[in-house]
């Protein structure tokens, strides 16, 4: 086992692409937004590569029809689009969003073993509590940080450092689990361990390119990696 994992007490998780597959609902809200604006539609596969930097960047990518944001995109168009996206995403529910395999079972085991669990996502916080409640994931997490909760989003380490300080932990007590380079870079910036998952979104890039401390194909592999960890 990686010696970095010996002292883990607190595990922070990403949400979209890590715990849940939210592409279908996000893509549908974007398509409805674009239809309202009489703009060209987008596919689920396109949207999958645009997730990870929060709603603002995702909406701008949809308006640009590319992962690279159009430098000529007007703020007025973005504001109109963002209002429509927020409306549709808030009002269409999460019927198409699914929990990835073994997530609930693994979170249950980790909590039973005494690990503290938190959520650090770039998804706007306004959407997070309802989503967690709808999917019966809310009871797992002692802390939830979303986009707008703090001044910065991942890959800035502010969210991870705030959890560290809140619980009186040290860097070596914490791990970040995610599917995106933003998650791994946030962990590196925070000075904590990182666990990268291959099945998520990550802009179509292999998570191994971001050099996490451990790479896994399956969420439940966390239990194997942490099986000998000393918990508080």
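Miscellaneous remarks
- Residues of the stretch 140-155 satisfying the condition of being buried (at least 18 other Cβ atoms within 10 Å of the Cβ) and at positive phi: none
- Residue in the stretch 200-212 that is closer than 18 Å to residue 143 by Cα and in contact with a helix residue (DSSP H, G or I) (Cβ under 7 Å, 6 or more places away or on another chain) present: no
- The C-beta contact set for the stretch 122-145 (first residue assigned by TED's automatic domain parsing to the domain that holds residue 50 and farther than 21 Å from residue 186 by Cβ, second residue buried (at least 20 other Cβ atoms within 10 Å of the Cβ) and modelled with pLDDT under 95, distance under 6 angstrom, 6+ apart or interchain) is empty.
- Candidate set from the stretch 17-54 (those that are in contact (Cβ under 8 Å) with a residue 40 or more places away in the chain and surrounded by fewer than 17 Cβ atoms within 10 Å (Cβ to Cβ)); member that is nearest to residue 181 (Cα to Cα): 49
The values are calculated or read from the model by the stated rules, or taken from the named source; none is laboratory data. Model, not experiment: these values are computed from the prediction. Note: ideal-geometry Cβ built from the backbone for every residue, glycine included; neighbour counts use all protein chains shown.
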